[in-house]
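Encoded as C-alpha coordinates, the structure appears first; notes follow it.
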Amino acid sequence: MKPTLVVLAAGMGSRYGGLKQVDPVGPSGEAILDYSVFDAIRGGFGKVVFIIRHDFEEEFKEKVGKKYEGLVDIDYCYQDFNDLPAPFTFPEGRTKPWGTAHAVRAARDIVKTPFAVINADDFYGRDAMAKLGEYLSSVDPDSLHFSMVGYKLSLTLSENGSVARGICDIAEDGTLKSVTEMTKLVKAGDMAENQEDPEHLVKVALDSRVSMNCWGFTPKLFTELEDRFVKFLAARGTEMKSEWYIPFVVDELIKEGKADCKVLPTESSWFGVTYREDKPYVMAEIKKLVDAGEYPSNLLAK
(Lines give C-alpha, C1' and ligand atoms only; values in the text may rest on other atoms or scores of the structure.)
Protein backbone atom coordinates (compact mmCIF):
# COMPACT_ATOMS: atom_id res chain seq x y z
CA MET A 1 0.00 0.00 0.00
CA LYS A 2 1.39 3.39 -1.00
CA PRO A 3 2.02 6.04 1.68
CA THR A 4 -0.04 9.21 2.02
CA LEU A 5 1.15 12.81 1.99
CA VAL A 6 -0.58 14.99 4.61
CA VAL A 7 -0.25 18.70 3.87
CA LEU A 8 -0.80 21.21 6.67
CA ALA A 9 -2.65 24.04 4.96
CA ALA A 10 -5.02 25.16 7.71
CA GLY A 11 -3.06 28.36 8.30
CA MET A 12 -3.15 29.44 4.68
CA GLY A 13 -6.22 31.59 5.06
CA SER A 14 -4.82 33.90 7.69
CA ARG A 15 -1.02 34.08 7.74
CA TYR A 16 -0.67 36.13 4.55
CA GLY A 17 -4.36 36.82 3.89
CA GLY A 18 -6.48 34.76 1.53
CA LEU A 19 -4.50 32.07 -0.27
CA LYS A 20 -1.38 34.10 -1.02
CA GLN A 21 0.78 31.21 0.16
CA VAL A 22 0.02 29.63 -3.20
CA ASP A 23 1.39 32.61 -5.12
CA PRO A 24 3.37 31.60 -8.23
CA VAL A 25 7.09 30.97 -7.88
CA GLY A 26 7.70 28.62 -10.82
CA PRO A 27 8.17 29.42 -14.52
CA SER A 28 4.62 28.38 -15.44
CA GLY A 29 2.92 29.85 -12.40
CA GLU A 30 3.58 26.95 -10.03
CA ALA A 31 3.30 27.46 -6.27
CA ILE A 32 5.72 25.92 -3.79
CA LEU A 33 3.00 23.42 -2.87
CA ASP A 34 2.84 22.17 -6.46
CA TYR A 35 6.47 21.05 -6.24
CA SER A 36 5.81 19.10 -3.04
CA VAL A 37 2.86 17.26 -4.59
CA PHE A 38 4.87 16.57 -7.77
CA ASP A 39 7.80 15.22 -5.74
CA ALA A 40 5.48 13.09 -3.63
CA ILE A 41 3.92 11.48 -6.71
CA ARG A 42 7.31 10.54 -8.16
CA GLY A 43 8.46 9.49 -4.67
CA GLY A 44 5.80 6.76 -4.55
CA PHE A 45 2.99 8.42 -2.60
CA GLY A 46 -0.49 7.36 -3.65
CA LYS A 47 -2.68 9.96 -1.96
CA VAL A 48 -2.56 13.58 -0.80
CA VAL A 49 -4.68 14.81 2.11
CA PHE A 50 -4.99 18.54 2.67
CA ILE A 51 -5.76 19.73 6.19
CA ILE A 52 -7.62 23.01 5.76
CA ARG A 53 -10.26 25.13 7.47
CA HIS A 54 -13.92 25.29 6.53
CA ASP A 55 -13.86 29.08 6.06
CA PHE A 56 -11.76 28.87 2.88
CA GLU A 57 -12.73 25.36 1.75
CA GLU A 58 -14.34 26.34 -1.57
CA GLU A 59 -11.52 28.71 -2.53
CA PHE A 60 -8.86 26.15 -1.66
CA LYS A 61 -10.50 23.36 -3.62
CA GLU A 62 -10.95 25.61 -6.64
CA LYS A 63 -7.49 27.23 -6.62
CA VAL A 64 -5.41 24.34 -5.29
CA GLY A 65 -7.02 20.91 -5.16
CA LYS A 66 -8.52 21.09 -8.63
CA LYS A 67 -5.04 21.28 -10.18
CA TYR A 68 -4.19 17.75 -9.05
CA GLU A 69 -7.33 16.00 -10.31
CA GLY A 70 -6.27 13.10 -12.50
CA LEU A 71 -2.71 13.17 -11.15
CA VAL A 72 -3.17 11.71 -7.66
CA ASP A 73 -5.95 10.74 -5.25
CA ILE A 74 -6.97 13.87 -3.27
CA ASP A 75 -8.90 14.19 -0.01
CA TYR A 76 -9.57 16.88 2.58
CA CYS A 77 -10.04 17.11 6.31
CA TYR A 78 -10.60 20.10 8.55
CA GLN A 79 -8.91 21.62 11.56
CA ASP A 80 -12.02 22.63 13.46
CA PHE A 81 -12.08 24.63 16.69
CA ASN A 82 -14.87 22.42 17.99
CA ASP A 83 -13.41 19.03 17.04
CA LEU A 84 -12.48 18.21 20.63
CA PRO A 85 -12.77 15.09 22.78
CA ALA A 86 -15.52 15.16 25.41
CA PRO A 87 -16.01 16.93 27.76
CA PHE A 88 -13.82 19.76 26.41
CA THR A 89 -15.16 22.80 24.56
CA PHE A 90 -13.40 25.59 22.72
CA PRO A 91 -12.65 28.33 25.29
CA GLU A 92 -14.41 31.64 24.88
CA GLY A 93 -11.97 34.34 23.80
CA ARG A 94 -9.50 32.05 22.02
CA THR A 95 -9.08 32.93 18.35
CA LYS A 96 -7.05 30.04 16.88
CA PRO A 97 -6.68 26.25 17.15
CA TRP A 98 -3.81 24.50 18.94
CA GLY A 99 -1.04 24.03 16.40
CA THR A 100 0.37 21.28 14.20
CA ALA A 101 -0.43 18.30 16.45
CA HIS A 102 -4.07 19.42 16.60
CA ALA A 103 -4.04 19.80 12.80
CA VAL A 104 -2.61 16.32 12.16
CA ARG A 105 -5.19 14.82 14.53
CA ALA A 106 -7.88 16.04 12.14
CA ALA A 107 -6.79 13.34 9.66
CA ARG A 108 -7.38 10.45 12.07
CA ASP A 109 -10.46 9.09 10.27
CA ILE A 110 -9.06 9.48 6.74
CA VAL A 111 -5.41 8.39 6.80
CA LYS A 112 -5.02 4.62 7.03
CA THR A 113 -1.47 4.12 5.69
CA PRO A 114 1.97 5.32 6.81
CA PHE A 115 2.12 9.01 6.00
CA ALA A 116 4.34 12.06 5.66
CA VAL A 117 3.50 15.47 7.13
CA ILE A 118 4.70 18.72 5.54
CA ASN A 119 3.84 22.42 5.54
CA ALA A 120 1.98 23.70 2.48
CA ASP A 121 4.26 26.70 1.98
CA ASP A 122 7.70 25.06 2.29
CA PHE A 123 9.86 23.64 -0.53
CA TYR A 124 11.38 20.35 0.64
CA GLY A 125 13.00 18.97 -2.50
CA ARG A 126 12.88 15.78 -4.55
CA ASP A 127 15.36 13.91 -2.35
CA ALA A 128 13.27 14.46 0.80
CA MET A 129 10.10 13.04 -0.75
CA ALA A 130 12.00 10.12 -2.28
CA LYS A 131 13.57 9.14 1.04
CA LEU A 132 10.30 9.50 2.93
CA GLY A 133 8.45 7.52 0.29
CA GLU A 134 10.98 4.69 0.45
CA TYR A 135 10.98 4.57 4.25
CA LEU A 136 7.20 4.74 4.62
CA SER A 137 6.65 2.06 1.98
CA SER A 138 8.54 -0.49 4.09
CA VAL A 139 7.76 0.52 7.68
CA ASP A 140 5.45 -1.64 9.82
CA PRO A 141 2.15 0.33 9.91
CA ASP A 142 1.37 -1.08 13.36
CA SER A 143 4.63 0.20 14.85
CA LEU A 144 5.72 3.52 16.32
CA HIS A 145 8.75 3.71 14.00
CA PHE A 146 8.74 7.30 12.79
CA SER A 147 11.06 9.27 10.51
CA MET A 148 12.14 12.84 9.90
CA VAL A 149 14.05 14.50 7.08
CA GLY A 150 17.10 16.29 8.50
CA TYR A 151 18.37 19.34 6.60
CA LYS A 152 21.73 21.03 6.99
CA LEU A 153 21.22 24.23 8.95
CA SER A 154 23.31 26.17 6.41
CA LEU A 155 20.75 25.33 3.69
CA THR A 156 17.79 26.66 5.66
CA LEU A 157 18.96 30.12 6.78
CA SER A 158 17.64 33.40 5.39
CA GLU A 159 19.75 36.33 4.23
CA ASN A 160 16.91 38.65 5.26
CA GLY A 161 16.67 38.04 8.99
CA SER A 162 16.70 35.48 11.79
CA VAL A 163 14.84 32.15 11.62
CA ALA A 164 13.53 29.57 14.08
CA ARG A 165 14.87 26.04 13.69
CA GLY A 166 14.82 22.77 15.62
CA ILE A 167 18.42 21.62 16.15
CA CYS A 168 18.59 17.81 16.18
CA ASP A 169 20.61 15.65 18.54
CA ILE A 170 21.15 12.40 16.62
CA ALA A 171 22.29 9.07 18.08
CA GLU A 172 25.03 6.96 16.46
CA ASP A 173 22.39 4.65 14.95
CA GLY A 174 20.83 7.59 13.11
CA THR A 175 17.77 7.94 15.32
CA LEU A 176 16.62 11.21 16.82
CA LYS A 177 17.45 11.77 20.48
CA SER A 178 15.93 15.24 20.90
CA VAL A 179 15.16 18.52 19.15
CA THR A 180 16.17 21.86 20.67
CA GLU A 181 14.12 24.79 19.41
CA MET A 182 16.16 27.91 18.68
CA THR A 183 14.07 30.89 17.62
CA LYS A 184 16.57 33.54 16.45
CA LEU A 185 19.24 31.91 14.32
CA VAL A 186 21.42 33.94 11.94
CA LYS A 187 24.59 33.16 10.02
CA ALA A 188 27.70 34.49 11.77
CA GLY A 189 30.88 33.80 9.82
CA ASP A 190 31.53 30.07 9.56
CA MET A 191 28.93 29.31 12.25
CA ALA A 192 25.32 30.11 13.01
CA GLU A 193 24.36 32.04 16.11
CA ASN A 194 21.20 31.90 18.18
CA GLN A 195 20.52 35.44 19.37
CA GLU A 196 17.50 34.85 21.61
CA ASP A 197 19.50 36.09 24.60
CA PRO A 198 21.98 38.79 23.47
CA GLU A 199 24.02 38.27 26.64
CA HIS A 200 24.33 34.52 26.07
CA LEU A 201 24.80 33.93 22.34
CA VAL A 202 24.79 30.26 21.34
CA LYS A 203 27.05 29.12 18.50
CA VAL A 204 25.72 26.33 16.25
CA ALA A 205 27.62 24.47 13.53
CA LEU A 206 26.32 25.17 10.03
CA ASP A 207 26.29 21.45 9.21
CA SER A 208 23.96 20.67 12.13
CA ARG A 209 20.86 18.78 11.11
CA VAL A 210 17.59 20.59 11.66
CA SER A 211 13.93 19.67 11.60
CA MET A 212 11.81 21.53 9.05
CA ASN A 213 8.50 19.85 9.86
CA CYS A 214 9.00 17.09 7.30
CA TRP A 215 7.96 13.95 9.18
CA GLY A 216 7.06 10.34 8.51
CA PHE A 217 4.53 8.56 10.73
CA THR A 218 2.45 5.42 11.02
CA PRO A 219 -1.31 5.44 11.73
CA LYS A 220 -0.47 4.44 15.32
CA LEU A 221 0.39 8.09 15.90
CA PHE A 222 -3.32 8.96 15.97
CA THR A 223 -3.93 6.84 19.09
CA GLU A 224 -1.10 8.64 20.84
CA LEU A 225 -2.38 12.04 19.69
CA GLU A 226 -5.84 11.33 21.06
CA ASP A 227 -4.56 10.30 24.48
CA ARG A 228 -2.13 13.19 24.70
CA PHE A 229 -4.59 15.78 23.45
CA VAL A 230 -6.89 14.97 26.37
CA LYS A 231 -4.00 15.52 28.78
CA PHE A 232 -2.96 18.72 27.00
CA LEU A 233 -6.46 20.17 27.12
CA ALA A 234 -6.82 19.30 30.79
CA ALA A 235 -3.56 21.08 31.59
CA ARG A 236 -3.51 24.01 29.14
CA GLY A 237 -6.73 23.98 27.15
CA THR A 238 -8.13 27.14 28.71
CA GLU A 239 -5.04 29.23 27.94
CA MET A 240 -5.62 31.72 25.15
CA LYS A 241 -2.27 31.13 23.39
CA SER A 242 -1.22 27.59 24.31
CA GLU A 243 0.19 25.55 21.41
CA TRP A 244 0.47 21.80 20.83
CA TYR A 245 3.10 20.92 18.24
CA ILE A 246 4.10 17.67 16.53
CA PRO A 247 7.78 17.90 17.69
CA PHE A 248 6.54 18.03 21.30
CA VAL A 249 4.63 14.77 20.83
CA VAL A 250 7.54 13.04 19.07
CA ASP A 251 9.95 14.17 21.79
CA GLU A 252 7.65 12.83 24.52
CA LEU A 253 7.29 9.45 22.82
CA ILE A 254 11.04 9.11 22.32
CA LYS A 255 11.81 10.01 25.93
CA GLU A 256 9.18 7.53 27.15
CA GLY A 257 10.77 4.80 25.03
CA LYS A 258 7.54 4.19 23.12
CA ALA A 259 8.72 5.39 19.70
CA ASP A 260 11.87 5.91 17.68
CA CYS A 261 12.46 8.36 14.87
CA LYS A 262 14.92 7.69 12.05
CA VAL A 263 16.63 10.84 10.75
CA LEU A 264 16.80 10.78 6.95
CA PRO A 265 19.62 13.18 6.02
CA THR A 266 19.25 15.17 2.82
CA GLU A 267 21.57 17.48 0.97
CA SER A 268 18.60 19.30 -0.57
CA SER A 269 18.02 22.95 0.15
CA TRP A 270 14.87 23.96 1.98
CA PHE A 271 13.07 27.03 0.63
CA GLY A 272 10.46 29.08 2.41
CA VAL A 273 9.21 32.62 2.23
CA THR A 274 9.89 33.61 5.82
CA TYR A 275 10.30 37.25 4.76
CA ARG A 276 8.76 39.04 1.78
CA GLU A 277 12.28 39.59 0.48
CA ASP A 278 12.83 35.81 0.31
CA LYS A 279 10.46 35.32 -2.64
CA PRO A 280 12.88 36.44 -5.42
CA TYR A 281 15.52 34.08 -4.02
CA VAL A 282 13.05 31.17 -3.96
CA MET A 283 12.02 31.90 -7.56
CA ALA A 284 15.66 32.03 -8.67
CA GLU A 285 16.52 28.74 -6.94
CA ILE A 286 13.55 26.96 -8.47
CA LYS A 287 14.54 28.27 -11.90
CA LYS A 288 18.01 26.78 -11.37
CA LEU A 289 16.43 23.40 -10.61
CA VAL A 290 14.23 23.63 -13.70
CA ASP A 291 17.21 24.63 -15.87
CA ALA A 292 19.18 21.68 -14.46
CA GLY A 293 16.40 19.27 -15.45
CA GLU A 294 15.22 18.47 -11.92
CA TYR A 295 11.71 19.69 -12.78
CA PRO A 296 9.81 20.27 -16.02
CA SER A 297 9.12 23.89 -16.93
CA ASN A 298 5.37 23.18 -16.86
CA LEU A 299 5.04 21.10 -13.71
CA LEU A 300 1.40 20.02 -13.77
CA ALA A 301 0.81 19.66 -17.50
CA LYS A 302 -1.63 16.78 -18.04
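The values are calculated or read from the model by the stated rules, or taken from the named source; none is laboratory data. None of these values were measured; they are calculated from a predicted model. Because the Cβ atoms are built from the backbone with ideal geometry, glycine has one as well, and the counts that use them run over all protein chains shown. Just the protein is used for accessible areas: all its heavy atoms, side chains included, with ligands, DNA and RNA removed. Shrake-Rupley method; radii C 1.70, N 1.55, O 1.52, S 1.80 Å.
Once neighbouring chains are kept in place and the probe is 1.4 Å, which whole percent of the accessible area of the chain is contributed by carbon and sulfur? Within the chain, the accessible surface is 50 percent carbon and sulfur. Under 5 Å from the amide H of A259 lie the amide H atoms of I254, each residue being 5 or more positions distant or on a separate chain, with H modelled from the backbone and absent for Pro and chain starts.
The residues of the chain expose on average 46 square angstrom of accessible surface per residue, using a 1.4 Å probe on protein heavy atoms.
Spin-label pair K203-D291: with each label point 7 Å from Cα along the Cα-Cβ axis, the two points sit 3.6 nm from one another.
Derived scalar couplings between HN and Hα for segment 278-290 equal 6, 4, x, 5, 4, 4, 5, 5, 5, 4, 4, 5, 5 Hz in order, rounded to whole Hz, by the Karplus curve 6.51 cos²θ - 1.76 cosθ + 1.60 (θ = phi - 60°), x for Gly and Pro. In a simple Cβ point-charge model (Lys, Arg +1; Asp, Glu -1; nothing else charged), the chain has a dipole of about 340 debye relative to its Cα centre. Shown in residue order for segment 187-196 are the 3J(HN,Hα) couplings computed by the Karplus curve 6.51 cos²θ - 1.76 cosθ + 1.60 at θ = phi - 60°: 6, 9, x, 8, 9, 9, 9, 8, 9, 4 Hz (x for Gly and Pro). Between amide H atoms placed 1.01 Å from N, distances below 5 Å from A188 occur with E193, all of them 5 or more places distant or on a separate chain. Less than 5 angstrom separates the built amide H of C214 from those of V149, all sequence-distant by 5 or more or on a different chain. Comparing E267, E62, E30 in a Gaussian network model of the chain, where Cα atoms under 10 Å apart are tied by springs, the biggest mean-square fluctuation is seen for E62.
What the phi angles of segment 32-42 give under the Karplus curve with 6.51, -1.76 and 1.60, with θ = phi - 60°, is a coupling list of 3, 4, 4, 5, 5, 5, 4, 5, 5, 4, 7 Hz, glycine and proline written as x. Taking a straight line from the alpha carbon of K187, these aspartates and glutamates sit under 14 Å away, with near neighbours fewer than eight places off in the same chain left out: E159, E196, D207.
Legend: residues S36, S28, S162, S138, sorted from most to least accessible area (1.4 Å probe; ligands, DNA and RNA excluded), read S138, S28, S162, S36. Using a Gaussian network model of the chain in which every pair of alpha carbons under 10 angstrom is joined by a spring, one finds that among F271, F123, F88 the greatest mean-square fluctuation is at F88.
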